[in-house]
Amino acid sequence: LPFSSQAFRLPGLQTGWVPHGQNPGQILGSGHRGKMLGAAAQRASAVLYLTLLLSDLHSELWGACGQPLLEVMYLKYEEQPIDISPVFDPMVSEYKATLDWKMRFFSVRARPAPPAVIDNIHLCPEQANCLKKDLQVVTMDFSKNIPVQPSQEVLYMFDVLLHGVVRSYTLIVHRLEGTETSIRHFILQGNTLYPAFRSDTRSYRSLLDVETDMALMELRLADGGQTVYASAEAPMSLSDEDNVTMLKNVHPGIFRSPPTRLRRRLREEAYGEFQYPNQYAEFAVPLSSKRLVNFEVISADGGHKGFYALELARSGSLADA
């Protein structure tokens, strides 16, 4: 609004509105006193206008970036990254993480968006149940090492505070027992597994295209300390009774691209990924034949074994190729 139509207040006078185009001095009276009061009213009107303008600007900035949020959060065991699930998003408040059996502790690295601060930090070390035990952590110890026993889980939560507004973040961290013999995921590059992969399903089949003479496999471990051995039996000719040739390639697998060291570091700070190394294997499958591939998974503690089997088949003939 123009200055001449703003509300004004002077000592001894009530607030009023000056019609647009009319000088406040005309309302307050003529002569020297009226001119002085009119000038004062104009100054007061200008100050009020600027105050309202700055107030509106503050409200807009508060709506855009005035939320208490984290810029980044990730977990570490010494200098090794720990995956969090889901991938870090400042608007997501709850996360889970799994420690390898060899990881005796973890630490949280987080940075709030300025000028927000981290406050009200709590650690619940017994089965992630704060009713059993709830420890308050001082802010200076926010990134301290937090021990976790095998097969146990803890809860770590804290607030991000900004201008009296609070957003809470919660982490539930579980440590593996060390006896696990399952893997997290299995991918057959460019081909479909039957049935779809599940950690507790141990036997699979797949039909390769005629053009695919080498089966490429990616295994994602459940524990970074696991060891996997792969071996394949000798190829056998397909027979008319082999129904593996009826399988369709409807959901071809795609490898997770191995990142460069630089990209790994950048993504690690942003998302806390790359805790689990991938294992790769490849075996040739001749035309019109099938081949059984076996995987032996040794647990992180070295005392347990598990097995997976994959039957690969390749149709066609030399004439077809």
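The apolar share of the surface of region 90-186, taken as the fraction of accessible area on carbon and sulfur atoms (1.4 Å probe, ligands and nucleic acids excluded), comes to 52 percent.
A Förster radius of 35 Å, combined with the Cβ-Cβ distance separating Ser151 from Glu233, puts the computed FRET efficiency at roughly 0.45. Working from label points 7 Å from Cα in the Cα-to-Cβ sense, the Phe307 to Asp134 distance is 5.1 nm. For the pair Arg109 and Gln67 in one chain, pulling the backbone fully straight at 0.36 nm per residue adds 13.1 nm over the alpha carbon distance. Be a star and scan region 285-317 for residues whose amide nitrogen sits under 17 Å from the point 7 Å along the Cα-to-Cβ vector of Asp213. From region 285-317, the list is 285-291, 313-317. For the cross-link pairs Lys248/Lys305; Lys96/Lys133; Lys102/Lys133; Lys102/Lys305; Lys132/Lys305; Lys96/Lys132, which exceed 27 Å when the distance is taken from alpha carbon to alpha carbon? With Cα atoms farther than 27 Å apart: Lys248/Lys305; Lys132/Lys305. Each residue, His251 and Gln189, gets one label point 7 Å from its Cα in the Cβ direction; the gap between the two is 2.1 nm. Work out the charge dipole of region 85-220 with +1 on the Cβ of Lys and Arg and -1 on the Cβ of Asp and Glu about the Cα centre, then indicate which of Val160, Ala110, His122 is farthest towards its positive end. The residue sitting most towards the positive pole is His122. Once you reduce region 168-210 and region 226-241 to the center of their Cα atoms, the two points are 19 Å from each other.
The values are calculated or read from the model by the stated rules, or taken from the named source; none is laboratory data. These numbers come from a predicted model, not from an experiment. Methodologically, a virtual Cβ is constructed for each residue, glycine included, from the backbone with ideal geometry; neighbour enumeration extends over all protein chains shown. Note: accessible area is taken over every heavy atom of the protein model, side chains too, but ligands, DNA and RNA are not part of it. Shrake-Rupley method; radii C 1.70, N 1.55, O 1.52, S 1.80 Å.
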